[in-house]
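Beneath this line is the structure, given in structure tokens, with notes to follow.
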Amino acid sequence: MGTLSLFQWLLSLGAQLLLLFFQVRSASCEREGIIVKGQRVRYNSEQKRVYFSIFGKVPFWRPYFHTSKSGGHTPLDEELSLGLDRYSDFLRETLEYLAVYVPFNKAVDIFQRILKSSVSTRVEQAIVAEDAEDVLAYYEQKPAPKVKSEVGRRKQLLQLYTQSLPTHALRKM
């Protein structure tokens, strides 16, 4: 393992496995052409994408389809739910979680110290701002079901527990 700590070695292994996953999926993609809004779009070339995950920066190539009418398309991105930006959902959630408790520059510093992967404060701010737009819609959803009191929940758990015990065990209680 050399000078890398076990944790850093595991992160490096994770990046290699993620790259391998992207390469396998890219190799299995159709390159004959795709249908977009009823029109056939021909394969154009391989296009590079840089993806940032908790494992670090993972660059990979995937098929790119293009016509002057419909523009460019990379169906693998959609198949893998990669999103429009370059950051994984888990990386985004981690940065947002940190940003709730500490200033952006500290969140980025903590992220870099633990994962040895750098993300700028500007990126952190953009990620939080983008996802903050969905907060109001989230709270306007159907309200959460009402929770019974703590006593009621404990009683219900005790009933479930006693129902799962054999009858001879209940006699000893």
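Quick notes
- For residue 155, the lysines whose Cα falls under 21 Å of its own Cα, not counting residues fewer than eight places away in the same chain, are 146, 172.
- Additional length obtainable on full extension of the chain from residue 109 to residue 86, 0.36 nm per residue less Cα span: 6.3 nm
- Global form of segment 90-139, assessed from the alpha-carbon gyration tensor, a/c cut-off 1.5: prolate
- Nearest-0.05 FRET efficiency for residue 140 and residue 48, computed from C-beta distance (R0 45 Å): 0.70
- Rounded, prolate or oblate (a/c below 1.5 giving rounded, otherwise prolate when a/b exceeds b/c) for segment 1-151 by Cα gyration tensor: oblate
- Label zone (residue 120, point 7 Å along Cα-to-C-beta; backbone nitrogen cut-off 14 Å) within segment 59-95: 86.
Computed from the coordinates by the stated procedures, all read-outs in this text should not be read as laboratory data. This structure is a prediction, so every number in the text was calculated from the model and none was measured. For neighbour counting, all protein chains shown are included, and Cβ atoms are generated from backbone atoms with ideal geometry for every residue, glycine included.
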